[in-house]
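The values are calculated or read from the model by the stated rules, or taken from the named source; none is laboratory data. Given the structure is predicted, the values throughout are model-derived calculations rather than measurements. In this analysis, Cβ positions are derived from the backbone assuming ideal geometry, glycine residues included, and neighbour counts consider all displayed protein chains. All accessible areas refer to the heavy atoms of the entire protein, side chains included, with ligands and DNA or RNA removed. Shrake-Rupley method; radii C 1.70, N 1.55, O 1.52, S 1.80 Å.
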Amino acid sequence: MRPRLKILLGLLLFNGLSATVGGLALMTDWIPEQTSWVRDTDFPSNYFPGVILMAVVGGSSLIAAAALMKQSDGWQLASIVAGTIMVFWIVGEVASIRAFHFLQVIYLVTGALVVIWTPSGAD
């Protein structure tokens, strides 16, 4: 595997595993409930955002990582979708909780890098 694809795989695994663990942490109260995080949303608790973080954000990155490792047809699309989901998740998170944490910058950058570094089908 080319070095750039190894980096892309690392980003996908980082995003996927950390989003999955983060989602589980929200769902099981490993991260203490912060009412301010859901105050300005339609969510009554952190549980459903945790489900979305785990299943959609984390799941899409892990599926894309598996597809990249297997060189499955369409792995590039899966990678771009996963990176885009991460970027939208972070933008939505910042807008909804109306707070900022340095980890949001890291995940915004890793999501954007996944999109940017995914080669086209011709590469």
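Scanning segment 78-100 for residues that are closer than 13 Å to Val56 by Cβ, in contact with a Ser or Thr (Cβ under 7 Å, 6 or more places away or on another chain) and either open to solvent by 50 Å² or more (accessible area, probe 1.4 Å) or β-branched (Val, Ile, Thr) (or both) gives Val81, Ile85. The single residue among Leu53, Leu11, Leu5, Leu24 that is open to solvent by less than 90 Å² (accessible area, probe 1.4 Å), modelled with pLDDT of 95 or more and closer than 15 Å to Ile90 by Cα turns out to be Leu53.
Taking the criterion of being open to solvent by 70 Å² or more (accessible area, probe 1.4 Å) and at pLDDT 95 or above, the residues of segment 109-123 that qualify are Val109, Ile116, Trp117. Summed over segment 64-82, the residues that are touching a helix residue (DSSP H, G or I) at 6+ places or on another chain (Cβ under 7 Å) and in contact (Cβ under 8 Å) with a residue 40 or more places away in the chain give a count of 6. Reported count of residues in segment 109-123, each being free of Cβ contacts under 8 Å to residues at least 60 places away in the same chain and either closer than 28 Å to Thr35 by Cα or assigned to a helix (DSSP H, G or I) (or both), is 4.
Name the single residue, out of those in segment 56-77 being open to solvent by 50 Å² or more (accessible area, probe 1.4 Å) and of a type in the set (A, V, I, L, M), that is nearest to Thr118 (Cα to Cα). Let's see the steps before the verdict.
Here is the first cut: in segment 56-77, the ones open to solvent by 50 Å² or more (accessible area, probe 1.4 Å) are 56, 62-63, 69-71, 73, 77.
Narrowing the set further to residues that are of a type in the set (A, V, I, L, M) leaves 56, 62-63, 69, 77.
On the way: Val56: 19, Leu62: 15, Ile63: 15, Met69: 13, Leu77: 9 Å.
This residue is Leu77.
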